[in-house]
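Remarks on the structure that follows.
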Amino acid sequence: MKTRIVCLPIAVLLFAMNHAACYGQSMEQMWDTTSNKKQQPNAQWFKEAKFGLFIHWGLYSKLAGSWKGKRYYGSGEWIMNVAKIPVREYEKVAADFNPVNFNATKWAMLAREAGIKYLVITAKHHEGFAMFDSKVSDYNIVKATPYKNDPMKALAEATRKQGIRFGFYYSQFVDWHEPNGGKNTWDFDESKKDYQLYYQQKAIPQLKELLTNYGPLGIVWFDLPGGLTKQETQSLVDSLHKLQPQSLFSSRVGQGLGDYKDFGDSEIPPVPINDLWESIYTHNDSWGYIRHDMNFKSSKEIIQLLAKVASRGGNLMLNIGPDGEGNIPYYSVKYLKETGRWLQANGESIYGTEYGFVPAQPWGVTTRKGSKLFLHVFNRPKDGKLLAPGFPNAVRSVYSLADKKSLAWKKTNTDLIINLPAFKSDAPSTVFVIEYAGGAPSYDAKAPVTISSQFETNTVEAIKATTWGEAAIKSITFSHYYGDWKHETCITGMKAPGDSTTFSIRVTQPGDYSVILDYSCGRESAGQEGRVTLNGNEFLFKTLRTSEYDKAAPLLFIKKPVAIVNFTKAGVYSLNIHPIQQGPELFKLKSVILEPM
Ligand code: FHN
C-alpha cells in the first residue's frame with residue numbers, strides 16, 4: 001500500500017511530463033541528430049556504402065496528394081494529418097489499395113542499376129498502416145487490401161539477391177490510426193493517451209515482427225521519437241538489438257541511442273564530420289507519391305549532391321515515392337539510371353571514401369581513399385588550370401578517373417596546379433585523381449577561400465566566417481511546401497558595429513571583382529546600413545527587405561552587389577562585414593559572392 005502511494009504520483013508526474021514534452025516538440029527537436037558514439041562493430045559496410053535508396057510507400061501513395069477533390073502539396077504521406085481525415089474514413093483507402101504493378105525484382109534491379117548499396121522502405125508510416133503481414137494489427141496490407149500479399153517479403157529477398165542491404169523504416173511514436181499513438185489530435189484527445197499502451201500493444205510487437213520475419217536487416221530506420229524516457233528507449237533498443245545484433249538503428253530512435261547520425265530532412269552538414277552519418281533527401285518535394293509533384297532533381301543534381309555529401313564524409317539516402325499501383329515515377333527511374341551510369345565509371349571516387357582534405361573550391365569538391373585524392377570537378381576553370389591548394393604531400397601521379405590518362409601538373413609549395421583536358425562543361429562531375437605519398441593532411445576548416453577569375457562565380461559560405469561579438473553562424477530551418485524542409489547556414493546576430501564577421505579569401509588572379517552579399521532580411525531589419533571592408537577600401541550598403549523568417553514559409557534571399565574591388569596582386573585578403581549602428585540584426589547572411597568583372 002505504501003509503495004502504491006509513493007509510486008502513483010511519480011508515475012502520474014512522469015506521464016504528464018512525457019505528454020507535455022511531446023505536445024510542444026518541433027520537428028527539429030524530434031529529429032534526434034545525436035548518435036551513441038559507440039564504435040559499431042558492424043558499421044563498416046555503412047561507412048563504405050555512401051548511396052542508399054529510401055522508399056516511402058503506403059496508403060497515402062494511393063491518394064497521390066488528393067482528398068475529396070482537393071489537391072495537397074508537400075509531404076504526401078502527411079495527407080491524413082493535413083486534411084484531418086478521420087480514422088474510419090482513412091481506413092477505407094485500404095479497400096482500394098491494390099498495387100498490381102509492384103514488382104520486387106524490378107525495384108531491386110533499378111536500385112542496383114542506380115548504384116545503390118542499401119535500401120530502406122516504410123514498413124509503417126505515421127498513418128499507422130502496416131505494409132507487411134502483421135499479426136499484431138489487422139490494419140495491414142495482407143488483411144485489409146485486395147492485394148492480400150506481403151510486398152516486404154518479396155522486396156527483402158529481391159534486394160538481397162542484388163547484393164543490396166535491406167532495411168525498414170518504422171514510425172515508432174507517431175501513429176494517427178491508434179487512439180494511444182502519437183499526434184492524432186483530430187480523432188483523439190492527446191492528453192488522455194497512454195503512449196505506453198500503444199508501444200506495448202502495437203509498436204514494439206510490430207517492430208519485433210519486422211526484426212524476426214524478414215531476414216537480416218542492415219538498418220532499422222526509426223522515425224520521430226516520443227513518449228519514452230531515456231531508460232525506456234534504452235530497453236527498447238536493447239530488446240530489438242537482441243533480435244538483430246548486426247543491424248544499425250538510426251538516430252531518430254531518440255535519446256542519443258541510435259548507432260549513426262541522421263541530419264534533418266534535406267540537410268547536409270556544412271563541414272566534414274568524422275562520425276557515421278547520413279543525409280536524407282527526397283527526389284522531388286514529397287516523400288510519398290504525389291501525382292502533381294514534378295520537382296524532380298536531375299541526375300546532375302543527384303550526382304553533385306552525392307559527391308558533396310561524400311566530400312563531407314557521409315552517406316546520401318535518396319527517397320523515391322512509388323504510386324498506389326506500385327509504379328516508380330518515370331523521372332525517378334530515368335534519373336536514378338543516369339546516376340548509376342555515372343557511378344559505373346566514377347564509383348571509385350564515391351564508395352568507400354572519406355572526406356577529402358582539400359576544402360570545397362570554386363571548381364568542386366574532394367573525397368579521399370587511401371593515398372588517392374579524388375577531385376570532383378563541377379566547373380572547369382576557363383584556362384584549364386585547376387588549383388588544388390593546401391597540398392603538402394609529394395605527388396606520385398595525376399590522371400583522369402574515366403580513362404586513366406596522365407595529366408601534367410606543377411607544384412609550388414602547397415599549391416598543386418593540374419592541366420585539365422578538355423571535357424564537356426555541362427557534365428555532372430568529371431573526376432580526376434591525385435596519387436600522393438605520405439599520410440593525409442588534416443582538413444583546414446578555416447583555410448582561405450579561393451577566389452579566381454577562372455570561374456563565373458566564387459562563393460564564400462557563411463561557415464567559413466570568423467565571427468565577433470554577438471555575430472554567430474547558425475543553421476536556419478524553414479520549409480517550402482508542407483514538410484518540404486530547407487536549411488541554410490547563415491551568419492546571424494550582427495546588431496552592433498562590434499558584431500562583425502570576417503572571411504579570409506585568397507585571390508589567385510588580380511583584377512576587378514564584384515562583391516555580392518547573399519542575404520535574407522525581414523521588415524524590422526531592412527533599411528539599416530552596413531559596411532564591407534576589403535583590400536583597404538570601405539563600402540557602404542543599405543539592407544533590403546526580402547522576407548520575414550517563418551519556419552513554415554520559404555526564406556527568401558537576395559544577391560545584392562555592394563562593391564567593386566580591384567586587386568592588383570594575388571594574395572590573401574581579409575573581408576569584413578558589420579553594421580554601422582546599433583539596431584536589429586542586420587540580416588541573415590548566407591554567403592559573400594565574388595565575381596570577376
Ligand atoms: O514526418 C516524416 C516524414 O513524413 C518523412 O518520413 C521524413 C523522412 O525523413 N521523416 C519525418 C519527418 O522528419
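Elements of the type strands (runs of 3 or more DSSP E) sitting completely within the stretch 440-557 and holding at least 3 residues that are surrounded by 15 or more Cβ atoms within 10 Å (Cβ to Cβ) and touching an Asp or Glu at 6+ places or on another chain (Cβ under 9 Å): these cover 472-479, 485-492, 511-520.
Taking Lys50 as the residue in question, decide whether it is touching a strand residue (DSSP E or B) at 6+ places or on another chain (Cβ under 8 Å), in contact (Cβ under 8 Å) with a residue 12 or more places away in the chain and closer than 25 Å to Thr159 by Cα. So Lys50 passes the test.
The set of residues in the stretch 66-78 being within 16 Å of the ligand (Cβ to nearest atom) and either of a type in the set (D, E, K, R) or without any contact (Cβ under 8 Å) to a residue 60 or more places away in the chain (or both) consists of Glu77 alone. Within the stretch 266-280, the set of residues being within 12 Å of the ligand (Cβ to nearest atom) and open to solvent by 30 Å² or more (accessible area, probe 1.4 Å) comprises Glu267 only. Does Glu325 count as modelled with pLDDT of 95 or more, away from the ligand (no atom under 15 Å from the Cβ), in a helix (DSSP H, G or I) and not hydroxyl-bearing (Ser, Thr, Tyr)? Here the answer is no, as Glu325 does not meet what is asked.
Residues of the stretch 343-353 that are of a type outside the set (Ser, Thr, Tyr) and surrounded by 19 or more Cβ atoms within 10 Å (Cβ to Cβ): Leu343, Asn346, Ile350.
Per the listing Pro179, Pro146, the residue uniquely free of Cβ contacts under 8 Å to residues at least 24 places away in the same chain and open to solvent by 10 Å² or more (accessible area, probe 1.4 Å) is Pro179. For the stretch 415-439, the candidate set comprises residues that are farther than 24 Å from Pro596 by Cβ and part of a loop (DSSP other than H, G, I, E, B); within that set, the residue that is nearest to the chain's Cα centre (by Cα) is Pro428.
Screening Gln582 against (1) out of contact with any strand residue (DSSP E or B) (no Cβ under 8 Å at 6 or more places or on another chain); (2) within 27 Å of Pro359 (Cα to Cα) leaves a single unmet condition, (2). Note on the stretch 362-395: residues that are touching a residue at least 60 places away in the same chain (Cβ under 8 Å) and in a loop (DSSP other than H, G, I, E, B) amount to 9. Out of (1) farther than 30 Å from Phe478 by Cα; (2) within 14 Å of the ligand (Cβ to nearest atom), the odd one out for Glu232 is which? Evaluating Glu232 over (1) farther than 30 Å from Phe478 by Cα; (2) within 14 Å of the ligand (Cβ to nearest atom) leaves (2) as the failure.
Looking at this structure, is Tyr214 of a type outside the set (Asp, Glu) and touching a Phe, Trp or Tyr at 6+ places or on another chain (Cβ under 8 Å)? Here the answer is yes, as Tyr214 does meet what is asked.
Tell me yes or no: at least one residue of the stretch 26-46 is away from the ligand (no atom under 16 Å from the Cβ) and closer than 23 Å to Gly326 by Cα. The answer is no; no qualifying residue exists. Residues that are within 16 Å of the ligand (Cβ to nearest atom) and either under 18 Å from His56 (Cβ atoms) or out of contact with any His (no Cβ under 6 Å at 6 or more places or on another chain) (or both) do occur in the stretch 185-201, at least one of them.
The values are calculated or read from the model by the stated rules, or taken from the named source; none is laboratory data. All values derive from a computational prediction rather than experimental measurement. All Cβ positions, even for glycine, are placed from backbone atoms using ideal geometry, and neighbour counts span all protein chains on display. Remember, those area values only see protein heavy atoms, side chains included, never the ligands or the DNA or RNA. Shrake-Rupley method; radii C 1.70, N 1.55, O 1.52, S 1.80 Å.
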